[in-house]
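Colleague: Mind having a look at this structure? Questions to follow.
The values are calculated or read from the model by the stated rules, or taken from the named source; none is laboratory data. Computed from a prediction, not measured in an experiment: that's the story for all the values here. As a convention, Cβ positions derive from the backbone with ideal geometry for all residues, glycine included, and neighbour counts pool all protein chains shown. All accessible areas refer to the heavy atoms of the entire protein, side chains included, with ligands and DNA or RNA removed. Shrake-Rupley method; radii C 1.70, N 1.55, O 1.52, S 1.80 Å.
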Amino acid sequence: MIRIAIVGGGISGLTAAFTLEEQRRAGAVEYILYESSPRFGGVLRTERIHGCIVEAGPDSFITEKPWAADLCRTIDLGDKLIGSNDADRKTYILVRGRLIPMPDGLMFMVPTKILSTGLSPLFSWSTKLRMAQELFHSPRAAQTDESVASLVERHYGAEMVGRLADPLLSGIYGGEAASLSIRAVLPRFAEMERTHGSLGRAMLAARKKVSQPASTSVLPIFTSLKNGMQQLVETLLPRLNSAALVTGTLAHSVKPEAGGWTVAMGSKSEHFDAVILAVPTHAAAELLVTSSPALSAELAAIRYGSSITVALGYDRDVRQSLPPGFGFLVPRSEGKRLLAATFVHNKFPYRAPEDRALLRCFFAGSNAESIWQLSDDAIIAVVRNELQQILGLRAVPLFARVYKWKSAMAQYGVGHLERLDRIERLRQQLPKLALAGNGYRGIGVPDCIRSGSEAVKQILSL
Ligand SMILES: Cc1cc2nc3c(=O)[nH]c(=O)nc-3n(C[C@H](O)[C@H](O)[C@H](O)COP(=O)(O)OP(=O)(O)OC[C@H]3O[C@@H](n4cnc5c(N)ncnc54)[C@H](O)[C@@H]3O)c2cc1C
């Protein structure tokens, strides 16, 4: 019987526990999952307020990455999966105080429809000219990693970075295009440049390859759960060994001993054959600081950003007055603190009654830090003031909630993949240890789920 400690009860740690369940029932494995906070789920948290389903953390996951939806189906949540209302998909960018819709055919930030991009007021004529010239770029194999901003600027110029690349990445990573690694964050772009030169031509070629017969149904871009993301946690928990789930217990060190690991929490410690650290890398770094200072230093060097989401519920009049679409992004040059706002009632079904509007506003990085110390009421005042400037929205919300997430979003800096190689070499020098979570190969929920189940495979095959 192998005894395994899992540290961290977010979706990564819970998936690791679930992956171990079959073997536990067969008597081959025993596990204990330690979570420092009073609840499981980590940043997955949903509240029901005034009939609205309010997501404090992630609101969905991208459909293209299958691991989250696969897990949902495995635990009988298949019929609760919902897709984004892509027919109503429209995202605006704030440019000089005006909301401009992103033109049709922009794939992430790569233009694939010449006419709609050419007519869009989102870009200046010089950027449009760059887009046309970009189609003639020759293949180029970069020797080293670089920032997303540097690659995008080479193809489309600085305006594309400021107006699109940076706001899009802020919305996902809470990070800045100038510091995020192209190889870790958008590996497809680096590959397209290597094979095609032009990102535009590469995108068109890829689209041609996957173009389906008209009868095939198109998958939604985002998937979520009818009752919110926390439904995933609530459905997983009863499928785990309740006696092995420990909340309110902060692990403070893990040390290799007698071929296994001693996990220390408070004044107690317990011995295990293997350990899975399913926590942010800064927490893993602290746990390993005495057992492997080198590994700890590499883990600590992966930067994390803080973020704040603010949910605002309004009545029918506001719902009718808002522009159609999924919401808007705010480039940093606009001088606002808000980075993005989602019109949740439009983006997903079942999130708000017909007579309610639900807005989700997002702050990250230095924008979040600049308001971190304020009271919830003061943060709500900042949000309302900026929504008034951007949308002309003066109405008093029916409810407002602020959720703060300290150092929860990993920022994959330039050189991240090389760092992961060094981490892997150092990890292999230790007894059975696996690392899972959002600090490594993807920060989204599907990647975290994959990382939790891969951590188990790694431990069991050692
Ligand atoms: C505001 C926000 C919005 C997001 N939106 C999306 C989205 O829409 N779609 C998407 O796919 N992804 C989104 N993400 C990213 C995604 O939700 C996270 O990367 C993912 O859920 C992280 O899961 P995790 O289990 O690895 O980490 P966490 O959820 O951070 O869980 C780690 C757990 O470990 C515990 N812990 C830490 N240290 C210790 C210790 N020493 N001992 C015991 N326990 C410890 C913590 O209390 C926590 O519960 C979002 C993230 C945030 C913060």
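Colleague: Please give the strands (runs of 3 or more DSSP E) falling wholly within the range 157-265 in which 1 or more residues are modelled with pLDDT of 95 or more and within 17 Å of the chain's Cα centre (by Cα).
Modeller: Because the criterion is at least 1 residues that are modelled with pLDDT of 95 or more and within 17 Å of the chain's Cα centre (by Cα), the strands (runs of 3 or more DSSP E) in the range 157-265 that meet it are 222-225.
Colleague: Need pairs with beta-carbon distance below 8 Å; first residue closer than 17 Å to residue 223 by Cα and within the range 37-58, second acidic (Asp, Glu) and within 12 Å of the ligand (Cβ to nearest atom); sequence gap 6+ or separate chains.
Modeller: Close Cβ pairs (under 8 Å, with a partner that is acidic (Asp, Glu) and within 12 Å of the ligand (Cβ to nearest atom)) amount to 45/55; 46/55.
Colleague: Now for a separate question. Which residues, taken from the range 266-288, are within 18 Å of residue 1 (Cα to Cα) and under 31 Å from the mean Cα position of the chain (by Cα)?
Modeller: 274, 275, 276
Colleague: Still on this model: β-branched (Val, Ile, Thr), at pLDDT 95 or above and either farther than 30 Å from residue 319 by Cα or in contact with a strand residue (DSSP E or B) (Cβ under 8 Å, 6 or more places away or on another chain) (or both) - does that describe any residue in the range 101-118?
Modeller: no
Colleague: Right, another one. Is there a residue in the range 12-19 that is touching a Cys at 6+ places or on another chain (Cβ under 6 Å) and not charged (D, E, K, R)?
Modeller: Yes; the residues of the range 12-19 include at least one that is touching a Cys at 6+ places or on another chain (Cβ under 6 Å) and not charged (D, E, K, R).
Colleague: Evaluate the range 433-454: report whether one residue or more is more than 16 Å from the ligand (Cβ to nearest atom), modelled with pLDDT of 95 or more and surrounded by fewer than 21 Cβ atoms within 10 Å (Cβ to Cβ).
Modeller: No.
Results for (1) within 30 Å of residue 49 (Cα to Cα); (2) open to solvent by 70 Å² or more (accessible area, probe 1.4 Å), shown as yes or no for each residue.
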| position | (1), (2) |
| --- | --- |
| 230 | yes, no |
| 244 | no, no |
| 251 | no, no |
| 257 | no, yes |
| 286 | no, yes |
| 291 | no, no |
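Colleague: Same structure, new question: So residue 306 clears everything in (1) surrounded by fewer than 21 Cβ atoms within 10 Å (Cβ to Cβ); (2) among the small types (Gly, Ala, Ser); (3) within 24 Å of the chain's Cα centre (by Cα); (4) in a helix (DSSP H, G or I) except one condition, right? Which one?
Modeller: If we test residue 306 against (1) surrounded by fewer than 21 Cβ atoms within 10 Å (Cβ to Cβ); (2) among the small types (Gly, Ala, Ser); (3) within 24 Å of the chain's Cα centre (by Cα); (4) in a helix (DSSP H, G or I), just (4) comes out false.
Colleague: For the subset of the range 16-57 comprising residues that are within 26 Å of the chain's Cα centre (by Cα) and of a type in the set (Phe, Trp, Tyr), which member is most open to solvent (accessible area, probe 1.4 Å)?
Modeller: Result: 18.
Colleague: If you go through the range 400-423 one residue at a time, do you hit one that is open to solvent by 20 Å² or more (accessible area, probe 1.4 Å), more than 30 Å from residue 293 (Cβ to Cβ) and away from the ligand (no atom under 15 Å from the Cβ)?
Modeller: Looking through the range 400-423, at least one residue is open to solvent by 20 Å² or more (accessible area, probe 1.4 Å), more than 30 Å from residue 293 (Cβ to Cβ) and away from the ligand (no atom under 15 Å from the Cβ).
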